[in-house]
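Okay, structure first, notes after.
Please treat every number below as a calculation from the coordinates, not as lab data. Predicted, not measured: the structure shown is a model, and the values here were computed from it. Neighbour counts run over all protein chains shown; Cβ positions are idealised from the backbone, glycine included.
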Amino acid sequence: MKRGLQGTKQEDGGGTSSGSLKRSRKQRRDAELDEEAVHWECLPQEVLLHIFQYLPLLDRAYASQVCRGWNHAFHMPELWRCFEFELNQPASSYLKATHPDLIKQIIKRHADHLQYVSFKVDSSRESAEAACDILSQLVNCSLKTLGLISTARPSFMELPKSHFISALTVVFVNSKSLSSLKIDDTPVDDPSLKVLVANNSDTLKLLKMSSCPHVSPAGILCVADQCHGLRELALNYHLLSDELLIALSSEKHVHLEHLRIDVVSENPGQQFHTIKKSSWDAMVRHSPKFNLVMYFFLYEDEFGPFFRDELPVTHLYFGRSVSKDVLGRVGLTCPRLVELVVCANGLRPLDEELIRIAQRCTQLSAIGLGECEVSCSAFVEFVKMCGDRLTQLSIMEEVLVPDHRYGLDDIHWEVSKHLGRVWFPDMMPTW
Amino acid sequence: MVVNSVHWFRKCLRLHDNPALQEALNGANTVRCVYILDPWFAGAANVGINRWRFLLEALEDLDCSLKKLNSRLFVVRGQPAEVFPRLFKEWKMTRLTFEYDPEPYGKERDSAIIKMAQEFGVETIVRNSHTLYNLDRIIEMNNNSPPLTFKRFQTIVSRLELPRRPLPSINQKQMDKCHTKITDNHDQIYSIPSLEELGFRTEGLPPAVWRGGESEALDRLSKHLDKKVWVANLEHPRGNMCSLYASPTGLSPYLRFGCLSCRVLYYNLRELYMKLRKRCSPPLSLFGQLLWREFFYTAATNNPNFDRMDGNPICVQIPWDQNPEALAKWAEGRTGYPWIDAIMTQLREEGWIHHLARHAVACFLTRGDLWISWESGMKVFEELLLDADWSVNAGSWMWLSCSAFFQQFFHCYCPVGFGRRTNPTGDYIRRYIPILKDYPNRYIYEPWNAPESVQKAANCVVGVDYPKPMINHAESSRLNIERMKQVYQQLSHYRGLSLLASVPTIQEEAEPLMTDESQTSSGPDSPSVVHDKATGCVAAPDSSTVCTSSHTVLNPELESDEMRCLSQTPVNCSDSQMHPSATITSTCADHSAGVESPSSLVPPPAQSPLARSQTCTPSLVCSTLPPSPSPATAQTQTSSFGPRRKSFTRKVRRGQRQRGRHSCHAVAREGERRGEEEETEPGEENEKMEESVEMEEERMEEETYAGH
């Protein structure tokens, strides 16, 4: 635009006999431009808003420089309800960060528009601190969702607890209508959860707080007692108690939809408490459709208290080695199982265990096997029993041990036949 | 007319099955065999002594074989682009032959040399012999994009005609016809350098475990084929637990340096199979390792950024940690996990480790434990690993770190359990970490768990004589599986509970790829980003929430570009006078004076050509601005990346649709009630443009009911 105008001016400056001709051409061009400009300027704000919602932030920023109308649209509250702050330091992350000026501008102009906010923080303590600084400035806003996400190491844990807590409680106190809170791997503690409950108990529906070591079973129980709308909860096994399950299945409480439990041993040989079957039964009675997701990161010898009684688990992940014996018990005690992932097991084949799981776990639709062994025949039998309800079947090639009936080259045909779709084992490069 | 040939050895350090060398000899009056110490390979500090030694031995073997044919190898020091003009004149060259190099760096170098040769009137003949197949043909058969799953690759390969038969070794008769006089000072000018000359200290250097050279390679090949056990396991090389040690029948370094022709290996395997099984055609699995190599070469050949995450269209953008200390511990074998440390020691000392060992250390460094970028690991392998091909090395690292190729990420190798499974006795540990040699089997993979008395009895106290484990594996794998899930769920728009469903299944092997009409609508000139955005909307209207969310990593490449632009470093920004984009701002300010412009959003000076092409897209902002001329590099990259990126997107989408999930216009359908089963949001964290609490409540319902 600019260069075009300049060019025309220069031509005019050196005006000759053909100057008028040029001028008229120029006028015509300007008229066309005006027409276009008028056309675009007249876009109603709601249409602009609609378009802007589909544009990435950068493009909206460019567009905002076109005219006042577009600039105005750029700042419409609707476009600032949701924001993800990315806080990375060049020394610790490969990804770029949200620019500090942009952060300032958001806090200045759009803080009260923010509703759905997340912070993605890299492994450096500075980034976690920056997140807390922003949090403590969000005094005028009413957040509905807040997520604190460590993308590499749990850097919030490196902050002084008091610093973190005071920033977080700013949001708790001011928001009053938080419905979703994700604070995994943070130093949140019981008193701050009390503040959360005191201000947001009517609205809280989702709480994810896996690996928050400063929370006690009593702290989470307080949340469950007060927040009757809570439908999703993620926590570590040491916070799980019979009382908690009973509280979640009280009449006042809505149906729980999703409970995620991480079972991690803090020190080798740790003894884990058990949950009564009656508590689980109460949960299932109250919320018949709830999902129980359990991630196990235990040594083989720590599984003692688990899978002794019926367990309403739906998604089961064994992140470390799990014994043949425990997998055998899974088949006996987990009738609601939907997904099973086994990362590793000993050297003995899991044939009977898998077949038992196929028999007993009639909901099973996804299975992943890593460092295990299964004979090809048993695996085919397993697939045959489950049939096409197996929508996810991820088996490392090394898992399948050829036997007299099937070799590795023909097993995929056999399995594909029973699944009703083309299937291959997962492979790793031989390199 | 006199024909003076020069054959330029790079890889393909052999006389057998060397089609380009045959071309050099064909009707020539003189032939000189040249090796140029390529500074990209040579000068780089990134190549370790074992790799150098292997190369020099291979050159010596080549020289030795040529001597037997009354010829010699000419090792010319310098850069090819500087050396050749001199050689063209000095030797009155009329013909230059070399093996086709399919890697992007090599292609660029070679095209410059070919151009230069043309100017000097020198004919160039290039022949393909480092790979079994013509890689461009594979790409063409996959609708002009490299196959991204190994299965798809195998399907395409099975449709191809067999690889070209290997050629015999050059012989005395051929060589006599083009005998070239060797000057007396040959050894002074063209000798093979020593390790010392290259600046390595060789005192105390243990003898090479892997001896370089074609003779050794052919010797190993016959042992490889003779190995009875191996033949018995022809179909499924399982139970190779003992082969953690360097095997006298291992071939991979020889394939890397071209001391052994991959086609010779291919046809030997094939013939052996047919002899033993009396079946007419062997299964593809017989050629496993050769095909993997081919697969990664195909994926890399048109992708100059194949060895990095940034700007690499096939690589998922994962927020890896930067942690130099942890990286050094890993690279130097000081992690405190004997299994990892033994492998890294073997790698450093011998230059080769078993592929299961590679999986173990790669997983440990990246997605399993340390959460450090695969690029760092790749560089360490590049330095130490004899068989580290650029393509295969980068490709394998991406594969093992689940950064590409649609890998399930649930399976993390345990740095204790996997070792114990692979080598139950722990002999492997005792050999490479002698300080642990007196540990009982029970504790050798986890010495920190041994009682103090056992540690003392073994003369190795953990924390004193051997490091404590640098990381708690249970804890780190818990964290990392969450991180991977987060990345992949955003990528695939999956929000259910199923871990396995987070990785999109791509159906490229099941259904033929369709040509995308939209691909033709935007020509190679259109800026890459616009092009991609168009794809985002056009190709999959059912998931246009993509467009509303700048955080959605549906297309990881696009995401990274945006992030790069949205997040310039403060240093750059403060200096707005310097920006190319600042010009745009000020230009626009003329027309919208008084309007506050969000200057902090204006992009930074771009680092990569791709980013540059985005920065230079003012048409979006002020359509009357003359289009900035994009640098030529950006143009070529744009045109070659566009379709491929698109196909990645398309595949992800297809996988998504295939699972029967619907995405909808979050905004367009505002206020409409959505079915419980519907999945709308791209990622858990991106509650985008939700207009009402009601919507949010429904979202929560979806989130919880997903996975059913």
Of B:Lys223/B:Lys379; A:Lys120/A:Lys289; B:Lys67/B:Lys177; A:Lys205/B:Lys485, those spanning more than 24 Å from alpha-carbon to alpha-carbon: B:Lys223/B:Lys379; A:Lys120/A:Lys289
Residue-averaged beta-carbon neighbours from other chains (10 angstrom radius) around A:140-153: 4
Shielding of A:47-56 by partner chains, average beta-carbon count, 10 Å: 5
Share of pairwise Cα separations in the range A:81-419, more than 31 Å, in percent: 43
Helix-only [θ]222 nm of chain A, DSSP H runs n ≥ 4, -39500 (n - 2.57) each, per residue, nearest 500: -12000 deg cm²/dmol
Rg ratio (alpha-carbon, reference 2.2 N^0.38 Å) - the range B:324-480: 1.01
Segments B:432-444, B:314-326, B:124-136 sorted - mean Cβ within 10 Å per residue, highest first: B:314-326, B:124-136, B:432-444
Highest average packing first - B:358-366, A:166-174, Cβ atoms within 10 Å: B:358-366, A:166-174
Evaluated over the range B:1-129, the Cα radius of gyration and Dmax, each in Å: 14.1, 45
Qualifying GluC sites (Glu not before Pro) for the range B:139-200 [loop in DSSP, other Cβ within 10 Å: at most 13]: B:Glu161, B:Glu196, B:Glu197
Within 10 Å of each Cβ in B:481-487, the average number of Cβ atoms from other chains: 3
FRET E, pair A:Glu126, A:Asp388, Förster distance 56 Å, beta-carbon r, rounded to 0.05: 0.60
Computed magnitude of the charge dipole of the range A:81-419 (debye, nearest 20; Cβ of K, R +1, Cβ of D, E -1): 1240
